[in-house]
1. Return the total of residues in region 87-124 being without any contact (Cβ under 8 Å) to a residue 24 or more places away in the chain, over 21 Å from GLU195 (Cα atoms), over 13 Å from the mean Cα position of the chain (by Cα) and not in a loop (DSSP other than H, G, I, E, B).
2. Does region 104-111 include one or more residues that are under 23 Å from ALA154 (Cα atoms) and open to solvent by 30 Å² or more (accessible area, probe 1.4 Å)?
3. Here is a check on your reading of the model: is THR35 assigned to a loop (DSSP other than H, G, I, E, B), at pLDDT below 95 and either within 20 Å of LEU175 (Cβ to Cβ) or open to solvent by 50 Å² or more (accessible area, probe 1.4 Å) (or both)?
4. Being touching a helix residue (DSSP H, G or I) at 6+ places or on another chain (Cβ under 8 Å), of a type outside the set (Val, Ile, Thr) and open to solvent by 20 Å² or more (accessible area, probe 1.4 Å) is the filter; apply it to region 128-144 and report the residue that is farthest from CYS84 (Cα to Cα).
5. Restricting to region 48-85, name every residue that is of a type in the set (D, E, K, R) and touching a residue at least 40 places away in the same chain (Cβ under 8 Å).
6. Residues of region 120-130 being within 18 Å of LEU102 (Cα to Cα) and not basic (Lys, Arg), which ones?
7. Out of the residues in region 62-86 that are out of contact with any helix residue (DSSP H, G or I) (no Cβ under 7 Å at 6 or more places or on another chain) and in a loop (DSSP other than H, G, I, E, B), state the one that is surrounded by the fewest Cβ atoms within 10 Å (Cβ to Cβ).
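The values are calculated or read from the model by the stated rules, or taken from the named source; none is laboratory data. Not measured: the values here are computed from a predicted model. Ideal geometry is used to build each Cβ from the backbone, glycine not excepted, and the neighbour counts take in all protein chains shown. Surface accessibility is based on the protein's heavy atoms, side chains included, excluding ligands, DNA and RNA. Shrake-Rupley method; radii C 1.70, N 1.55, O 1.52, S 1.80 Å.
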Amino acid sequence: MPTTHPYEENTMALRVPKAELPAEVVETMTERFGTVPEPLEVMSHNPKVAEDTFDWGQMVEGWSVADASLKSFAHMAVASLIGCSWCLDVSYFQALDQELDLAKASQVPRWRESKVFSPLERDVLEYAEAMTTTPPTVTDELVARLLAALGPAALVELTSVIGFANLSSRGNAALGITSQGYSSACEIPLASRPEAAKKGAASAGSAA
């Protein structure tokens, strides 16, 4: 059963109470995740929204043109920048489940300071953050490098994954949904985002 992960304290209470779920849904989610994901519990006040969002997430997971590691790193970068500890927590757990490189995945919150990422991975992480800031700071040069390295199909997929990560992370953050400790199953602790980066992200996010 997941427990609160030490890297991120839960400092926010749910802003919308949990909905009561059917017993079969609770059983299915518990078998899959160890506990019922809080976004599902909160969003189930509107079953259609909850169902469609879950289905969309399943479809996103089924895309297979772009490299899985790059998409995982990008999703984690978005969650870290926005401050969605739930998305960061579950994405790191999914990286373990997909047998991705946890030594790299664990460093995503501090990727600018870390030396473990390749030039392409750093471009992907920069792209994820550039798409997430307000207004977006994506440059022609960055897209040109990614296009040359990935090809148009994979770049379109990566862009859509980052867009979905923004939807999930911003929604969870707004509703007060925080880490459920899924990543406590990972042997390598998830790094914390540097304080200077947190301040910079806050300034970028408030820009108009």
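1. Total meeting the criteria: 2.
2. Residues of region 104-111 under 23 Å from ALA154 (Cα atoms): 104-105, 108, 111.
Filter once more, so that each one left must be open to solvent by 30 Å² or more (accessible area, probe 1.4 Å): 104.
Among the residues of region 104-111, at least one is under 23 Å from ALA154 (Cα atoms) and open to solvent by 30 Å² or more (accessible area, probe 1.4 Å), which makes the answer yes.
3. yes
4. Residue satisfying both the conditions and the ranking: PRO136.
5. Step one: list which residues in region 48-85 are of a type in the set (D, E, K, R), which gives 48, 51-52, 55, 61, 67, 71.
Listed by number, the residues that qualify are ASP67, LYS71.
6. Filtering region 120-130 down to residues within 18 Å of LEU102 (Cα to Cα) leaves 120-122, 124-125.
If the condition is that a residue be within 18 Å of LEU102 (Cα to Cα) and not basic (Lys, Arg), then LEU120, GLU121, VAL124, LEU125 are the ones that fit.
7. Only one residue tops the list, namely SER64.
Listed here are the residues, each with its yes/no results for (1) open to solvent by less than 80 Å² (accessible area, probe 1.4 Å); (2) touching a Lys or Arg at 6+ places or on another chain (Cβ under 6 Å); (3) at pLDDT 95 or above; (4) part of a helix (DSSP H, G or I).
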| residue | (1), (2), (3), (4) |
| --- | --- |
| MET12 | yes, no, no, no |
| LYS18 | no, no, yes, no |
| VAL25 | yes, no, no, yes |
| GLU31 | no, no, no, yes |
| HIS45 | no, no, yes, no |
| ASP52 | yes, no, yes, yes |
| VAL60 | yes, no, yes, yes |
